[in-house]
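Q: One structure, pasted below without further comment.
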């Protein structure tokens, strides 16, 4: 069981990085910036405003390229759409977590009112709540599985940041761009 949770944690973890050339506004040097790790942030921007976690500096003058990276992220990922499989998984999740329980509650209330079954039906509904956690794990596994599949056959996706509520990735092997909602 520990091996399953270890694999789950490994699959969910983002590998941060930046391998796209940026133009430094100070010295006008165009090149791949120095990646100095990443810094978690509390805030998340919505719409077309990016959230960049990478700490990037110009390799020539050392100037912070955080804002430049945000502009580049918008430029790269604005036209990239989320895969259809990702959208279907999100709708499946909404269906399983919202629609199905509401239908069950409605059916149970109607059944108790019409005398089809007694209060024992509420116990069955409570027992179904045990399926919530495995369902969430399964949906997360399926969504993040997309980051481990690439046409190049050697997926090595680096997390570049958030554009709205979408996570933006770039395969460092072939350069393919991937935008996921999770």
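We did not get these values from a lab; they are worked out from the coordinates using the rules stated. Given the structure is predicted, the values throughout are model-derived calculations rather than measurements. Cβ sites come from the backbone with ideal geometry, for glycine too, and all protein chains shown count toward neighbours.
Q: Mind checking Rg over Rh on segment 17-77, alpha carbons, Kirkwood formula for Rh?
A: Rg divided by Rh gives 0.96.
Q: Relative contact order of the chain, please, whole-number percent, based on alpha carbon pairs below 8 angstrom and at least 6 residues apart. Provide the component values of the computation, followed by the final result.
A: Details: 257 pairs, mean separation 47.5, N = 182.
The normalised contact order for the chain reaches 26 percent.
Q: What number, in percent, do you get for the relative contact order of segment 84-181 if the mean sequence gap of Cα pairs under 8 Å and at least 6 apart is divided by its residue count?
A: Numbers: 79 pairs, mean separation 20.8, N = 98.
Dividing the mean separation by the residue count of segment 84-181 yields 21 percent.
Q: State the extension gain, in nm to one decimal, for the chain segment bounded by residue 96 and residue 8, taking 0.36 nm per residue of separation less the distance between their alpha-carbons.
A: Full-extension gain reported as 29.6 nm.
Q: Length gain on complete extension for the stretch residue 16 to residue 173, per 0.36 nm per residue less the alpha carbon to alpha carbon distance? Provide the component values of the computation, followed by the final result.
A: On the way: separation 157, 0.36 × 157 = 56.52 nm, distance 1.45 nm.
Between residue 16 and residue 173, full extension yields an extra 55.1 nm.
Q: Give me the angle, in degrees from 0 to 90, between the Cα long axis of helix 2-12 and the longest principal axis of the Cα atoms of the chain, rounded to the nearest 10.
A: In the chain, helix 2-12 runs at an angle near 50 degrees to the longest axis.
Q: Picking from 94, 133, 74, which is most flexible by a Gaussian network model of the chain using Cα springs under 10 Å?
A: With Cα springs under 10 Å in the chain, the top fluctuation among 94, 133, 74 is at 133.
Q: If R0 is 35 Å, what FRET efficiency do you get for residue 74 and residue 116 from their C-beta distance, rounded to 0.05?
A: Working: r = 56 Å, r/R0 = 1.59.
E(calc), rounded to 0.05, equals 0.05.
Q: A follow-up question, please. Could you work out [θ]222 nm for the chain from helices alone, using -39500 (n - 2.57) per DSSP H run of at least four and dividing by all its residues? Round to the nearest 500 deg cm²/dmol. All intermediate terms of the calculation are to be shown ahead of the outcome.
A: Working: 6 runs with 72 residues, N = 182.
About -12500 deg cm²/dmol.
Q: Roughly how many nanometres apart are two label points built 7 Å out from the Cα toward the Cβ at residue 87 and residue 124?
A: In this crude spin-label approximation the distance works out to 3.6 nm.
Q: Could I ask something else about it? Can you give me the C-alpha center-to-center distance between segment 97-158 and segment 1-23, rounded to a whole angstrom?
A: 26
Q: Counting other beta carbons within 10 Å of each residue's own, what order do 58, 174 fall into, fewest first?
A: Neighbour counts put them in this order, fewest first: 174, 58.
Q: Then there is this: Rounded to the nearest 0.05, what FRET efficiency do residue 107 and residue 141 give with R0 = 30 Å and r taken as the Cβ-Cβ distance? Could you check? Mind dumping the intermediate values first?
A: Working: r = 29 Å, r/R0 = 0.98.
For R0 = 30 Å, the calculated efficiency reads 0.55.
Q: Take the Cα atoms of the chain, build their convex hull, and give its volume per residue in Å³. List each step's numbers first, then the result.
A: Working: hull volume 28.8 nm³, N = 182.
In the chain, the Cα hull volume divided by residue count equals 158 Å³.
Q: Could you work out how far helix 84-94 tilts from the main Cα principal axis of the chain, as a 0 to 90 degree angle to the nearest 10?
A: Long axis of 84-94 versus the principal axis of the chain: about 40 degrees.
Q: Please order 116, 141, 18 by the number of other Cβ within 10 Å, starting at the fewest.
A: The fewest-first ordering by Cβ neighbours comes to 116, 141, 18.
Q: Please state the relative contact order of segment 17-77 as a whole percent: Cα pairs under 8 Å, 6+ residues apart?
A: Here the relative contact order equals 33 percent.
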